[in-house]
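Quick notes on the structure that follows.
The values are calculated or read from the model by the stated rules, or taken from the named source; none is laboratory data. Note that the structure is predicted; figures quoted are calculated from it, not measured. Cβ sites come from the backbone with ideal geometry, for glycine too, and all protein chains shown count toward neighbours. Side chains included, ligands, DNA and RNA excluded: accessible areas come from the protein's heavy atoms. Shrake-Rupley method; radii C 1.70, N 1.55, O 1.52, S 1.80 Å.
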Amino acid sequence: MIYNPISVTELNKYIKGKFEEDEYFANVLVEGEISNYKHHYTGHLYFTLKDENSLIKCIMFKTYTGHLEFEPKDGMKVMILGSVSIFERDGTYQLYAKAMKPLGMVGDLRAAYEELKKKLEKEGLFDEEHKKKIPTYPKVIGVLTSNTGAVIRDIINVSTRRNPNVVIRLFPVPVQGEGAAEKIAKGIKFMNEQKLADVLILARGGGSLEDLWSFNEEIVARAIYESKLPIISAVGHETDFTISDFVADLRAPTPSAAAELAVPDIEELKLKIIGYENRLKQALIQKVQLMRLQYEKCMQSRVFTQPLQKINEQYMMIDMKLKVMEHSILQKLQIEKSSFQKLVLQLDTLSPLKILSRGYGIVYKEENRVKNIAQLTVNDKVTIRLQDGEAKAKIIEE
């Protein structure tokens, strides 16, 4: 049988590949005690993590040490998030730490934090419907933070750079230590009662969970919730979340970012106004062009090119209607005339005068027409009407 041996390097590389294929080793959370701690001049941290029965070598590269909120020491119990892999040169596996937190008091604070968070969330203090809108163009920015340190300077620098006309009104409060939470809550209440700002920024720099604890106190959370002024919470670093962040109307990852969110950039505003002005001008130009085209089209219509055409057409219509009316009237007259002639003919036929023309006469006694002989007596004077006139007569015999 022929064997094909592999090198040690190949073996270690193969084993390393197996580690990397297992998703469990990509993100593990391990707790233990630090020993053999060494902070290398390159910025990397080398140490061993152990418990009662075992140990594992650990390394935290400089890339991740910047996020540490404490200085590790031998004998310190910690919790580490990292990945497990093999160091090919030595053939040993080790833990590559990405994040590290001290245990002990931190665990108690974390439990209290989670308990208060659940309580306030259940009461509705985190609900979006309660969030107030941050004013678009505030005139006064109220800041609650320490009057010393980089936080207030960063907020002032960012705010004045974005808009030099905005007013920064600082209400100095302690941001950590005994009694800090009460003073922060009183500051929020005072700024509301006196209406000293359009929007408030609650800010402090980064720190450990203990350092940020004042912003996890219930008294501060309720003061933020009851505030009539909108509040931006900017506590700690981007990865830090406090109870204040959940209750506030807006959360900023850093104090500088809070200033950017609260204060509009006046240069951007100017550019926006210029953009609106250009759009308005363009819209007006297009409107004028459209109206000009409509005007030209209108002026080419017959109403303006032949203004009397419509009137003449109406005259023609009147003439036509007059002719129809005249014809109708003449026709009506003709019909009426024919009817009249018929009636005259009928009347003439029945006329007493027509009878007289045939040799008959009418006898009147005084004003009354004589119809029979009984109406007459001897010596009565009568009038006899004939066709061509009247004659007087006297009755001489019955």
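A simple packing score, the average count of other Cβ atoms within 10 Å per residue, orders the peptides 48-55, 386-393 as 48-55, 386-393, with the highest score first. Taking one quarter of the surface of the C-alpha convex hull of region 190-238 gives a mean projected area of 3.7 nm². Region 241-280 and region 22-50 have Cα centres spaced 40 Å apart. Between helix 8-21 and the chain there is an angle of about 40 degrees, using the helix long axis and the longest principal axis of the Cα atoms. Separation of region 56-71 and region 368-398, taken as the distance between their Cα centroids, equals 163 angstrom. Between the listed residues Ile362, Tyr315, Ser301, the Cα displaced farthest toward the positive end of the dipole of region 281-365, a dipole computed from Cβ unit charges relative to the Cα centre, is found at Ser301. Expressed as a fraction of 2.2 N^0.38 Å, the value expected for a compact globular protein of N residues, the C-alpha radius of gyration of region 1-46 is 1.83. Using the alpha carbons alone, the radius of gyration of region 124-182 stands to its Kirkwood radius in an Rg to Rh ratio of 1.05. Could you state the angle between the C-alpha long axis of helix 180-193 and the longest principal axis of the C-alpha atoms of the chain, as a value from 0 to 90 degrees rounded to the nearest 10? Roughly 20 degrees, rounded to the nearest 10. Taken over the alpha carbons of region 74-165 as equal point scatterers, the Debye sum produces base-10 log I(q)/I(0) values at 0.11, 0.24 Å⁻¹ of -0.76, -1.13. Counting only protein heavy atoms and a 1.4 Å probe, region 27-120 has 61 square angstrom of accessible area per residue.
The Kirkwood radius of region 284-398, taken over pairs of alpha-carbon atoms, gives through the Stokes-Einstein law at 37 °C and 0.692 mPa s a diffusion coefficient of 148 µm² s⁻¹.
Ordering of 142-153, 125-136, 272-283 by packing is 142-153, 125-136, 272-283, highest average first (other Cβ atoms within 10 Å, averaged per residue).
Report, to one decimal in Å, the Kirkwood hydrodynamic radius for region 152-207 based on all distinct Cα pairs.
On the way: mean 1/r = 0.0792 Å⁻¹.
When all Cα pairs of region 152-207 are included, the Kirkwood radius is 12.6 Å.
Once the Cα gyration tensor of region 35-75 is diagonalised, what are the square roots of 5 times its eigenvalues, in whole Å and ordered largest first, as equivalent ellipsoid semi-axes? All intermediate terms of the calculation are to be shown ahead of the outcome.
Working: eigenvalues 77, 22, 16 Å².
Taking √(5λ) for each Cα gyration eigenvalue gives 20, 11, 9 Å.
Comparing Leu81, Leu170, Leu330, which has the greatest mean-square fluctuation in the GNM of the chain with Cα pairs linked when under 10 Å apart? Residue with maximal mean-square fluctuation among Leu81, Leu170, Leu330: Leu330.
Take the eigenvalues of the Cα gyration tensor for region 132-260, scale each by 5, and report the square roots as semi-axes in whole Å, largest first.
On the way: eigenvalues 80, 53, 35 Å².
Its equivalent ellipsoid spans semi-axes of 20, 16, 13 Å.
Counted over region 331-398 with a bin width of 10 Å, the fraction of Cα pairs per bin, in whole percents, is 19, 34, 22, 14, 9, 3, 0. This structure gives Cα Rg over 2.2 N^0.38 Å, computed directly, and of (1) 2.75; (2) 1.05; (3) 0.94 that value is listed as (1). Measuring between their Cα centroids, region 301-363 and region 211-240 lie 104 Å from each other.
Estimated purely from DSSP H runs of n ≥ 4, each contributing -39500 (n - 2.57), the mean residue ellipticity at 222 nm for the chain is -14000 deg cm²/dmol once divided by its residues. For helix 105-123, report the angle its Cα long axis makes with the longest principal axis of the Cα atoms of the chain; keep it between 0 and 90° and round to the nearest 10°. It works out to around 10 degrees.
If you take the Cα Rg of region 1-159 and divide it by 2.2 N^0.38 Å, with N the number of residues, what do you get?
Numbers: Rg = 23.6 Å, N = 159, 2.2 N^0.38 = 15.1 Å.
It is 1.56.
Rounded to the nearest 20, the size of the Cβ-charge dipole of the chain about its Cα centre is 3060 debye, with Lys and Arg at +1 and Asp and Glu at -1. Taking the square roots of 5 times each eigenvalue of the Cα gyration tensor of region 44-124, largest first, gives ellipsoid semi-axes of 31, 14, 12 Å. Translational diffusion of region 207-331 was estimated from the Stokes-Einstein equation, with Rh taken as the Kirkwood radius over Cα pairs; at 20 °C and 1.002 mPa s the coefficient is 96 µm²/s.
Each peptide in 349-362, 176-189 receives the mean, over its residues, of other Cβ atoms within 10 Å, and ordering these scores from highest gives 176-189, 349-362. Pairs of alpha carbons in region 191-275 separated by more than 17 Å make up 51% of all such pairs.
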